[in-house]
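Down below is the structure, laid out as structure tokens.
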Amino acid sequence: MKNYTNIILAGIVVVLAAALIGVLAYAKNQTSTERATQPLVEIAPMEPDSAKWGVNFPNQYDTLMKTKTNNIDTTYAGSSQFSWLERDPRQVILFAGYPFSKDYNDDRGHANALEDVRATKRLNLDDTNPKHTPATCYSCKSTDNPGLWDRLGMEAYDKMTFNEMTPNINNSIGCSNCHEAGTMRLIATNPALKEALAAQGKDWETFTRQEMRTVVCANCHVEYYFKGDGKYLTFPWEKGTDIDSMLAYYEEEGFKDWEYPDTGTPMLKAQHPEYEFFTAGSTHYNAGVSCADCHMPYVREGAAKYSSHDVHSPLLNPEQACGQCHTDTESVIRRVNTIQEQVATTKISTEDAIIDAVTAIKAAVANGKADPALLDQARKLHRESQFIWDIVSAENSTGFHNPEYALKILADATNRARQAQMLAAQSIGDTSLLATGSYYATPAP
Ligand code: HEC
Ligand code: HEC
Ligand code: HEC
Ligand code: HEC
């Protein structure tokens, strides 16, 4: 009998211990998201006013608002709006014939997105001009969008002009761009993201919380284009999100952003492909690190622990951004400096090669007797080399998000540009066009 009692007691102890472990594990797994969802005020679905959400979540709101006044620069990025065209005048040549050759500034914090899109000289607000700016340009700038997409549908939204849409857009980026009211979970809010994932047979609703801490940024920090006359916002991901797949997609669509003056090349402009670049097998991505790990680290304020919504360059707060995983932050920051310097230097060599290709193709076209097949091949390589270069250039980390990939694709871009130059020289049998360094010979316009 005593034996039985012991066994029963032992059994009870085991069951209790298991239950306790379960409770502890459950408590540990409870994300701060879940703990934070006892609303003080009810937030309407897709509420565009972040201040209303801020009543329930003042820390997240206050930190988001800090992005309004951030203005500290780092070596290659930061939060002021310095001009890329002044820093790197080669880009004036590379984007000739396209609005990016007129105005191209570095990005600022989320709370400035609306002000900045309205101020850029790239806008064409003459609605009678066929090249007028479409409403689509507002897609990544405002908390008003989720509600508008829900009411109008994205197709009707994108068919409007920028001017027509302006009265509907009153708030910069905020809560409703990333969260579902009520549950506060991270969600895909941009229909173009949902469609691009669906085209690859993926459904964001099945993603883990850690995956969403990256995918939520892909609502905006991606490569995209405006498809067809309806300017339908589209991510070129049908074949995959790596550079070769995106190039193959654009090839099949026969899409061009503009035609390069005097070479006749159908050009592509890369946007801000942080998501595609980071997820193309980077060390951090492969290790399961998310965008939010570095850009929205947890901070403590008294008893409260929350994700900083003051999103900016992690080089400004490496102890918080990197220190959670790297004990020696000074040495990893030195490594970042080396990576960025190497990528920035390599990028300039690629730009020189593309400018040499442009110079040679222009001469071949002006000659009038070029072999058309060779010239066409040269244009194709010019288009490809610039797009590949631009993935690294328009991506905002100066290679850090995926250092090996940056150097690999820059080498590929340089190679294609040099081939384009050779074919152009061959097309008119002029070996003087094989000379390098034409950028230095003809200063920027
Ligand atoms: C391992 C940490 C890490 C991860 C993960 C990470 N970043 Fe970054 N990010 C950086 C660093 C470092 C820089 C370089 C900042 C600089 O040069 O000042 C940067 C730069 C940027 C910039 C430009 C910042 C500026 O000041 O203009 C943007 C935008 C950005 N990242 C977005 C993203 C997105 C979106 C993701 C996920 C797809 C991501 N990052 C993932 C560390 C990270
Ligand atoms: C709704 C669209 C949208 C979403 C979602 C979004 N961003 Fe941004 N982000 C932007 C825009 C637009 C800018 C540039 C704003 C400007 O220049 O005025 C920007 C700027 C930035 C910058 C530069 C800030 C600075 O001070 O220079 C960083 C870093 C950044 N985003 C990281 C992220 C990360 C990480 C995520 C995901 C957690 C994310 N963003 C989600 C649209 C978005
Ligand atoms: C650019 C995207 C983005 C925007 C804008 C944004 N959040 Fe977040 N938010 C996140 C991410 C990423 C997390 C981390 C979620 C996780 O780990 O599950 C987060 C976490 C949270 C959490 C959970 C607690 C915590 O701090 O980790 C709350 C609450 C929250 N956000 C409230 C807000 C409020 C309120 C706003 C508007 C004032 C807002 N967020 C705007 C991306 C965003
Ligand atoms: C959530 C954890 C995490 C965070 C946050 C994080 N890292 Fe890392 N980092 C890793 C892991 C894991 C590796 C891979 C380690 C390995 O393979 O030895 C790594 C590797 C690196 C490497 C070497 C890999 C290479 O490609 O050269 C550098 C440099 C680095 N991290 C810099 C940073 C910087 C800078 C930050 C902050 C902006 C940062 N990391 C934030 C987890 C993190």
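The values are calculated or read from the model by the stated rules, or taken from the named source; none is laboratory data. For clarity, every value in this text was computed on a predicted model and none was experimentally measured. Positions of Cβ are generated from backbone atoms using ideal geometry, with glycine treated the same way; all protein chains shown enter the neighbour counts. The area values use the complete protein model at the heavy-atom level, side chains included, leaving out ligands, DNA and RNA. Shrake-Rupley method; radii C 1.70, N 1.55, O 1.52, S 1.80 Å.
Any chance the range 72-82 includes a residue that's β-branched (Val, Ile, Thr) and within 11 Å of ligand 2 (Cβ to nearest atom)?
Yes, that holds for at least one residue.
I need every pair where a residue in the range 197-218 that is at positive phi has its Cβ under 7 Å from the Cβ of a residue that is open to solvent by less than 60 Å² (accessible area, probe 1.4 Å), sequence separation at least 6 or different chains.
Sorted first by the residue in the range 197-218, then by its partner, the list stays empty.
If you scan the range 263-318, which residues turn out to be among the hydroxyl-bearing types (Ser, Thr, Tyr), more than 10 Å from ligand 4 (Cβ to nearest atom) and open to solvent by less than 40 Å² (accessible area, probe 1.4 Å)?
Listed by number, the residues that qualify are THR263, THR265, TYR275, THR279, TYR306, SER307, SER308.
I need every pair where a residue in the range 289-305 that is part of a loop (DSSP other than H, G, I, E, B) has its Cβ under 7 Å from the Cβ of a residue that is open to solvent by 60 Å² or more (accessible area, probe 1.4 Å), sequence separation at least 6 or different chains.
SER290/GLN210; PRO297/GLN320; PRO297/GLN324
Can you tell me which condition ARG185 does not meet? The list is (1) within 11 Å of ligand 3 (Cβ to nearest atom); (2) within 29 Å of THR120 (Cα to Cα), and all the others hold.
(2)
Would you confirm whether any residue within the range 74-82 is within 16 Å of ligand 1 (Cβ to nearest atom), touching a Gly at 6+ places or on another chain (Cβ under 8 Å), open to solvent by 70 Å² or more (accessible area, probe 1.4 Å) and at pLDDT 95 or above?
No, every residue in the range 74-82 fails to be within 16 Å of ligand 1 (Cβ to nearest atom), touching a Gly at 6+ places or on another chain (Cβ under 8 Å), open to solvent by 70 Å² or more (accessible area, probe 1.4 Å) and at pLDDT 95 or above.
Condition check ((1) modelled with pLDDT of 95 or more; (2) within 14 Å of the chain's Cα centre (by Cα); (3) of a type in the set (A, V, I, L, M)) across all residues:
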{"site": "VAL215", "(1), (2), (3)": "yes, yes, yes"}
{"site": "ALA218", "(1), (2), (3)": "yes, yes, yes"}
{"site": "GLY228", "(1), (2), (3)": "yes, no, no"}
{"site": "LYS231", "(1), (2), (3)": "yes, no, no"}
{"site": "PHE278", "(1), (2), (3)": "yes, yes, no"}
{"site": "ASN286", "(1), (2), (3)": "yes, no, no"}
{"site": "MET296", "(1), (2), (3)": "yes, no, yes"}
{"site": "GLU301", "(1), (2), (3)": "no, no, no"}
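Since ALA366 meets every condition but one in (1) assigned to a loop (DSSP other than H, G, I, E, B); (2) of a type in the set (Gly, Ala, Ser); (3) open to solvent by 30 Å² or more (accessible area, probe 1.4 Å), which condition does it not meet?
(1)
For the range 205-232: of the residues being away from ligand 4 (no atom under 16 Å from the Cβ) and open to solvent by less than 30 Å² (accessible area, probe 1.4 Å), which is nearest to HIS284 (Cα to Cα)?
In this case the residue turns out to be VAL215.
Kindly provide the set of residues from the range 198-237 that are over 27 Å from HIS309 (Cβ atoms) and among the aliphatic types (A, V, I, L, M), ordered by number.
ALA198, ALA199
Restricting to the range 319-336, what's the tally of residues that are within 6 Å of ligand 4 (Cβ to nearest atom), in a loop (DSSP other than H, G, I, E, B) and either of a type in the set (S, T, N, Q) or over 18 Å from ASN396 (Cβ atoms) (or both)?
Qualifying residue count for the region: 3.
Residue by residue through the range 158-170, note down the ones that are open to solvent by less than 40 Å² (accessible area, probe 1.4 Å) and either closer than 22 Å to MET65 by Cα or modelled with pLDDT under 95 (or both). First the steps, then the outcome.
Residues of the range 158-170 open to solvent by less than 40 Å² (accessible area, probe 1.4 Å): 158, 161-162, 165, 169.
ILE169 - this is the single residue of the range 158-170 that is open to solvent by less than 40 Å² (accessible area, probe 1.4 Å) and either closer than 22 Å to MET65 by Cα or modelled with pLDDT under 95 (or both).
Enumerate the pairs (first residue in the range 367-384 and at pLDDT 95 or above; second residue anywhere and open to solvent by 60 Å² or more (accessible area, probe 1.4 Å) and of a type in the set (A, V, I, L, M)) with beta-carbon separation below 9 Å, excluding pairs fewer than 6 apart on the same chain, so at least 6 apart or on different chains.
As it stands, the answer is ALA378/MET422, since those pairs meet every condition given.
Might you let me know whether the range 221-228 holds any residue that is within 16 Å of ligand 3 (Cβ to nearest atom) and either of a type in the set (Lys, Arg) or under 21 Å from SER290 (Cα atoms) (or both)?
Yes, because at least one residue in the range 221-228 is within 16 Å of ligand 3 (Cβ to nearest atom) and either of a type in the set (Lys, Arg) or under 21 Å from SER290 (Cα atoms) (or both).
Which ones in the range 188-235 are away from ligand 1 (no atom under 16 Å from the Cβ), under 25 Å from SER50 (Cβ atoms) and assigned to a loop (DSSP other than H, G, I, E, B)?
Within the range 188-235, none qualify.
Being touching an Asp or Glu at 6+ places or on another chain (Cβ under 8 Å) and either open to solvent by 30 Å² or more (accessible area, probe 1.4 Å) or polar (S, T, N, Q) (or both) is the filter here, so list the residues in the range 84-103 that pass it.
The answer is TRP84, GLN91, GLY97, TYR98.
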